[in-house]
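Each remark here refers to the structure printed beneath this line.
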Amino acid sequence: MALLEISDLNIEVVTGSGVLHAVRGIDLAVNAGETLCIVGESGCGKSLMALSITGLLPPVARCSATRLAFEGHDIQHLSRRELEDLRGKGIGFIFQDPMTGLNPTMTIGRQLMEVHLRHVGRDREAAKTAAVSFLTRVGIANAATRLRQYPHELSGGLRQRVMIAMALMAHPRLIIADEPTTALDVTIQAQVLSLLKSLQREHGIGLVFITHDLGVVAAIADRVAVMYAGEVVETGDARDVLADPRHPYTRALISCVPSTTPSPAGVSVELGTIPGRVPLLHGRIEGCAFAPRCALVRDRCSTETVPARPAGAVEICRCLFAIEKREFFHA
Amino acid sequence: MREPQGAPLPRLALEARAVSHSYPGHQAFKALTNVSIALREGETLAVVGESGSGKSTLSRILLGLSPLSEGRVLCFGKDIGSLSRRERAARMQPVFQDPYSSLNPRHTLAEIVAAPLLARGEARASALNRATGLLEEVGLGSAYARRRPSALSGGQRQRAAIARALIANPEILVCDEPTSALDVSVQAQILNLLQQQRRERKLSVLLITHNIGVVAHMADRVAVMRHGEIVETGSVRDVLLEPREDYTRLLISSVPDLHGGLHSERPWDAAP
Ligand SMILES: Nc1ncnc2c1ncn2[C@@H]1O[C@H](COP(=O)(O)OP(=O)(O)OP(=O)(O)O)[C@@H](O)[C@H]1O
Ligand SMILES: Nc1ncnc2c1ncn2[C@@H]1O[C@H](COP(=O)(O)OP(=O)(O)OP(=O)(O)O)[C@@H](O)[C@H]1O
Ligand code: SF4
Ligand SMILES: [Mg+2]
Ligand SMILES: [Mg+2]
């Protein structure tokens, strides 16, 4: 049994100009001790999907799924109270916007200690020790002094690390982290990632990690799901997907990563991009959502329904020509 | 430092001279110590460094948004304090690190992007029109123009902030992590747009980023910060290919490499 199971998740958002079908039929599973990275186009529904798992969607959004289960129990119809109990100790959530998860009027020390007091034990001294210890482990120097600061007195990366420490302090069994290291320099990022991995190995924590950094995916992911326009277009073992992506979108995405080696002076290179724009998700999309931008598009792509099926070493690929594509790419 | 000999020195667009900054509080905290940095006209200068080392503080000081405890900030040779808010806004525009708090929640995207034009008295209709056009260029079609920030994803907000910074054709951009909320394809699109603006009109860019690939691609020079000080400055090739400071070396070697991570042993993959 998977720790987290999601089948046919759909999320609709009511906007001024109609209903937006932001997440369209997503299936995902995460096992205990496993890291699933989610990557994809900005605005493709990653955050909404993550929020829906713990009942944190904004009021304008509604979701439905044939199954949404944590540790085998359906969590779709939990009461607010039950969801609150689940968050924290069951599922730790790290928001993309750190200020959503932090209270601006309380010192971070108080907020961190509250997590301990609520989920771990009633001893205030122990709570304080735990707070200092977790802040130190996410690379924050002078943690004891930092406890007295308010969120607005912290840099972007310090706030993210406080959020991460806060999620870890409750000892959750599943962590959902939405771009948690975007404000961290690479040395601290490496430290935070290896902390997450070692806690994961010790306690069998499941980790859902949303990121735009494909280097981070290569470093931490067991499996990766690539999203485009509200759908998962490719899933599989991270090494397989990164080394031999079968979906044209994944392929194109990887080719947009800038190299860390500077080009010789005076030489300016244009970065590869994916021409065109994501479709608007009002109403139904005929055929493949990526068709208007796909380098390999053929007539069938804009009319036929595209099934999700295995391709090569990849678990699932949503492309009509996934199997043949290899020769195509290497031609 | 390591500069070509004999080349004529370009004008300085923005300069910090021996700037120090302390945040008041129960324990005054010194966020910047004696920082000097110069952004030359038309160049892109990247600032990288440890989280919490004072990069955002420095950017706010360069923009004239934070008072100076010590030192001077000059914008095209003039003391920043002597420029009115309007003059500052005409010459330089910011892209802030946090796209969640930097956009006015009550305004539509078109209004937000048009704000610099409206502030200098342009007609509303034409300002909103140009804003909608620029939103297209950052990949947000006209359907987004009438949405409010709360109806946008993180990366969509960040793109609106970039469009706002570009709309009034400033001479200087001060960008704090402008692409860290973007997927790599949108990031590439935005970086190409910035490069195009540099070629077309001598735009000078101060670029704070954690992304070494972005530095390698965009920057002419780079400054490395740690604990409120600049520890190394030089051309991007010198600093990235032959770093002199241990910290810079550590920084470069910590970049998670898309292919390195695939092939090398990952420390946590070894069974306990
Ligand atoms: N409150 C809202 N009202 C209306 N539309 C929304 C709302 N929140 C999100 N959306 C839209 O839903 C889509 C998915 O948003 P989501 O935040 O999940 O994207 P994302 O994949 O996390 O993107 P990013 O990588 O930029 O954070 C976007 O196109 C966004 O504009
Ligand atoms: N308003 C404030 N009051 C007190 N201290 C502050 C305030 N703002 C920032 N600081 C402190 O100043 C230091 C530098 O912060 P700054 O935001 O400039 O760092 P940064 O280099 O931008 O970091 P990051 O990469 O994490 O964004 C940090 O230790 C931060 O906690
Ligand atoms: S189905 Fe067609 S358009 Fe879609 S990704 Fe595959 S080749 Fe491209
Ligand atoms: Mg998001
Ligand atoms: Mg900062």
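The values are calculated or read from the model by the stated rules, or taken from the named source; none is laboratory data. Since the structure is predicted, the reported quantities are computational estimates derived from the model, not experimental observations. Heads up, the Cβs are rebuilt from the backbone with ideal geometry, glycines too, and the neighbour counts pull from every protein chain shown.
In the range A:177-216, the residue that is farthest from the other protein chains (Cβ to nearest Cβ) out of those that are without any contact (Cβ under 8 Å) to a residue 24 or more places away in the chain and over 22 Å from residue B:249 (Cβ atoms) is A:202.
So, of the residues in the range A:226-249 that are among the hydroxyl-bearing types (Ser, Thr, Tyr) and within 13 Å of chain B (Cβ to nearest Cβ), which turns out to be farthest from ligand 1 (Cβ to nearest atom)? Ranking the candidates gives A:249 first. For the range B:162-177, the count of residues that are touching a Leu at 6+ places or on another chain (Cβ under 7 Å), more than 28 Å from residue B:13 (Cα to Cα) and not polar (S, T, N, Q) is zero. Just one of the listed residues (B:140, B:117) is within 14 Å of chain A (Cβ to nearest Cβ) and on the phi < 0 side of the Ramachandran plot, and it is B:140.
Going through the range A:31-46 one residue at a time, which ones are within 15 Å of the chain's Cα centre (by Cα) and surrounded by fewer than 22 Cβ atoms within 10 Å (Cβ to Cβ)?
Residue satisfying the conditions is A:34 alone.
Return yes or no: is residue A:22 surrounded by 16 or more Cβ atoms within 10 Å (Cβ to Cβ), assigned to a helix (DSSP H, G or I) and within 13 Å of chain B (Cβ to nearest Cβ)? Spell out the reasoning first.
On the way: surrounded by 16 or more Cβ atoms within 10 Å (Cβ to Cβ): yes; assigned to a helix (DSSP H, G or I): no; within 13 Å of chain B (Cβ to nearest Cβ): yes.
No.
Each residue in the range A:215-254 was checked for being part of a strand (DSSP E or B) and acidic (Asp, Glu), and 3 of them qualify.
Residues in the range B:191-217 that are among the hydrophobic types (A, V, I, L, M, F, W, C) and within 23 Å of residue B:90 (Cβ to Cβ): 7 in all. Taking residues in the range B:41-61 that are under 14 Å from residue A:157 (Cβ atoms) and away from chain A (no Cβ under 11 Å), and partners anywhere that are among the aromatic types (Phe, Trp, Tyr) and in a loop (DSSP other than H, G, I, E, B), not one pair has Cβ atoms closer than 8 Å while being at least 6 places apart or on different chains. Within the range B:154-192, restricting attention to residues that are surrounded by 21 or more Cβ atoms within 10 Å (Cβ to Cβ) and free of Cβ contacts under 8 Å to residues at least 12 places away in the same chain, the residue that is farthest from ligand 1 (Cβ to nearest atom) is B:188. The lone criterion from (1) within 16 Å of ligand 4 (Cβ to nearest atom); (2) away from every other protein chain (no Cβ under 14 Å) left unmet by residue A:99 is number (2).
When each of A:106, A:49, A:99 is tested for being within 16 Å of ligand 5 (Cβ to nearest atom) and either out of contact with any Cys (no Cβ under 9 Å at 6 or more places or on another chain) or in contact (Cβ under 8 Å) with a residue 40 or more places away in the chain (or both), the lone residue that passes is A:99. Within the option set A:273, A:305, A:250, being closer than 19 Å to residue A:44 by Cβ, among the polar types (S, T, N, Q) and within 11 Å of ligand 3 (Cβ to nearest atom) holds for one residue only, A:250.
Determine, yes or no, whether residue A:257 is in a helix (DSSP H, G or I) and away from ligand 2 (no atom under 16 Å from the Cβ). Quick ask: steps written out before the conclusion?
Details: in a helix (DSSP H, G or I): no; away from ligand 2 (no atom under 16 Å from the Cβ): yes.
For residue A:257, the condition - in a helix (DSSP H, G or I) and away from ligand 2 (no atom under 16 Å from the Cβ) - is not met.
What about residue B:86, is it away from chain A (no Cβ under 14 Å) and either farther than 22 Å from residue B:207 by Cβ or β-branched (Val, Ile, Thr) (or both)?
Numbers: away from chain A (no Cβ under 14 Å): yes; either farther than 22 Å from residue B:207 by Cβ or β-branched (Val, Ile, Thr) (or both): yes.
Against the criterion (away from chain A (no Cβ under 14 Å) and either farther than 22 Å from residue B:207 by Cβ or β-branched (Val, Ile, Thr) (or both)), residue B:86 qualifies.
Select, from B:66, B:59, the only residue that is within 16 Å of ligand 5 (Cβ to nearest atom), closer than 30 Å to residue B:132 by Cβ, within 18 Å of the chain's Cα centre (by Cα) and not aromatic (Phe, Trp, Tyr). Steps first, please.
Details: B:66 fails: closer than 30 Å to residue B:132 by Cβ.
The conditions single out B:59.
Can you confirm whether the range B:93-106 contains a residue that is farther than 28 Å from residue A:15 by Cα and surrounded by 20 or more Cβ atoms within 10 Å (Cβ to Cβ)?
Of the range B:93-106, the ones farther than 28 Å from residue A:15 by Cα are B:93-94.
From the residues that got through so far, the ones that are surrounded by 20 or more Cβ atoms within 10 Å (Cβ to Cβ) too are B:93-94.
Yes: the range B:93-106 contains one or more residues that are farther than 28 Å from residue A:15 by Cα and surrounded by 20 or more Cβ atoms within 10 Å (Cβ to Cβ).
Residues in the range B:111-147 that are more than 20 Å from the chain's Cα centre (by Cα), modelled with pLDDT of 95 or more and within 30 Å of residue A:159 (Cα to Cα): B:111 alone.
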